[in-house]
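Okay, so here's the structure we're looking at.
The values are calculated or read from the model by the stated rules, or taken from the named source; none is laboratory data. Computed from a predicted structure; not experimentally measured. Every residue, glycine as well, gets a Cβ built from its backbone with ideal geometry; the counts of neighbours run over all protein chains shown. Just so you know, the surface numbers come from the protein's heavy atoms only, side chains and all, with ligands and any DNA or RNA stripped out. Shrake-Rupley method; radii C 1.70, N 1.55, O 1.52, S 1.80 Å.
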Amino acid sequence: MTTDSTEIISYLEPSIADDYRQWDDSGSWLFGYSFLPLALGLDRQPGARLLDLGCGPGEVTRWLADRCDVRILAIDSSPAMIALAGEHAAHERVEYRLAEGALLPFLTDGELDAAMACFLFTCVDEEEHIRELIAEVARVVRPGGRFTILVPNPDHVSGAVFEGFKRGEDGAFYEPGELMPVEVQRVDGSWTTIKNRYWNRETYRTALVKAGFEGGMKELAPVLADTESVADPALRGDRAWARERTAAPFLLLTATR
């Protein structure tokens, strides 16, 4: 693979935020986003209020608003991402807001029915900040509400190659919080290299329990066969999805308040 960048990127920069929209996210949709309604139980909660923490440019937010009868408060710390979401992913049941650090002072305790965070925590530098964010989610989600975290599967690093991306260097071992290179393909076929933080399951589980999500945790780690009854078949395209037949590229960890 030929890469054209090796620097740590910042989604606060408009050019980087816009480039994010050019990444080939077929795998994220097929093995990740499509499973959010199931993980969150949204089909059984008509009219639910959902928090999308780290909404990015809003494509997933808008899709969920179209797919499910929910109202969504979508938050991101990047003004550039919020601007893109407002321009390209506006929806009558979605409100986009700029984050105020780790806090959500405009929300009262237990005001929301559910929450999700998709590929957010790999962009967080400190474990303590992850705990602060999850604690604030726990505050604003009602008892019995679910919180789903969608992340790259912690089991597959050290040069793990999937369709459209490669995680880590071959043979490398990563400690929680360590920077890890990720090669990402764009829709035009070019590649770029970003750096994410590696966090393991225990990082998320510990933070969830500490925050008060003690009602049980469930994991979804979809492989290709699991997508048949959930994801749009068109997402498969003409790709082989060879590794994805036996190895799940992503993990959805859902905890109950």
*Which one of the conditions (1) touching a His at 6+ places or on another chain (Cβ under 8 Å); (2) free of Cβ contacts under 8 Å to residues at least 24 places away in the same chain does P57 fail to meet, given that it meets all the rest?*
(2)
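Quick grid of which residues meet (1) under 25 Å from A211 (Cα atoms); (2) among the acidic types (D, E):
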| residue | (1), (2) |
| --- | --- |
| P57 | no, no |
| E92 | no, yes |
| E100 | yes, yes |
| A114 | yes, no |
*Of the residues that sit in the stretch 214-227 and are in a loop (DSSP other than H, G, I, E, B) and modelled with pLDDT of 95 or more, which one is farthest from the chain's Cα centre (by Cα)?*
V223
*Looking at the stretch 207-242, which of the residues that are without any contact (Cβ under 8 Å) to a residue 60 or more places away in the chain and closer than 26 Å to E128 by Cα is most open to solvent (accessible area, probe 1.4 Å)?*
E214
*Matching residues in the stretch 148-181 - criterion: being among the aromatic types (F, W, Y) and buried (at least 18 other Cβ atoms within 10 Å of the Cβ)*: F162, F165, Y174
_Suppose the filter is open to solvent by less than 50 Å² (accessible area, probe 1.4 Å), within 18 Å of R67 (Cβ to Cβ), at pLDDT 95 or above and assigned to a loop (DSSP other than H, G, I, E, B); does A248 pass it?_
no
*Which condition number in (1) surrounded by 17 or more Cβ atoms within 10 Å (Cβ to Cβ); (2) hydroxyl-bearing (S, T, Y); (3) not in a strand (DSSP E or B) is the one that T192 fails?*
(3)
*Would you mind finding the one in R131, R139, R167, R146 that is within 17 Å of F250 (Cβ to Cβ) and either basic (K, R) or without any contact (Cβ under 8 Å) to a residue 12 or more places away in the chain (or both)?*
R167
_Residues that are under 23 Å from G216 (Cβ atoms) and of a type in the set (V, I, T), drawn from the stretch 135-176_ = V137, V140, V141, T148, I149, V151
_So E87 ticks every box in (1) free of Cβ contacts under 8 Å to residues at least 24 places away in the same chain; (2) in contact with a strand residue (DSSP E or B) (Cβ under 9 Å, 6 or more places away or on another chain) but one. Which box is left unticked?_
(2)
*Identify the residue in the stretch 37-52 that is of a type in the set (A, V, I, L, M, F, W, C) and buried (at least 24 other Cβ atoms within 10 Å of the Cβ) and, among all such residues, is farthest from E132 (Cα to Cα).*
L40
*Report those strands (runs of 3 or more DSSP E) wholly inside the stretch 56-147 carrying at least 3 residues which are open to solvent by less than 40 Å² (accessible area, probe 1.4 Å).*
70-76, 112-118
*Looking only at the stretch 174-199, count how many residues are of a type in the set (S, T, Y) and out of contact with any helix residue (DSSP H, G or I) (no Cβ under 8 Å at 6 or more places or on another chain).*
3
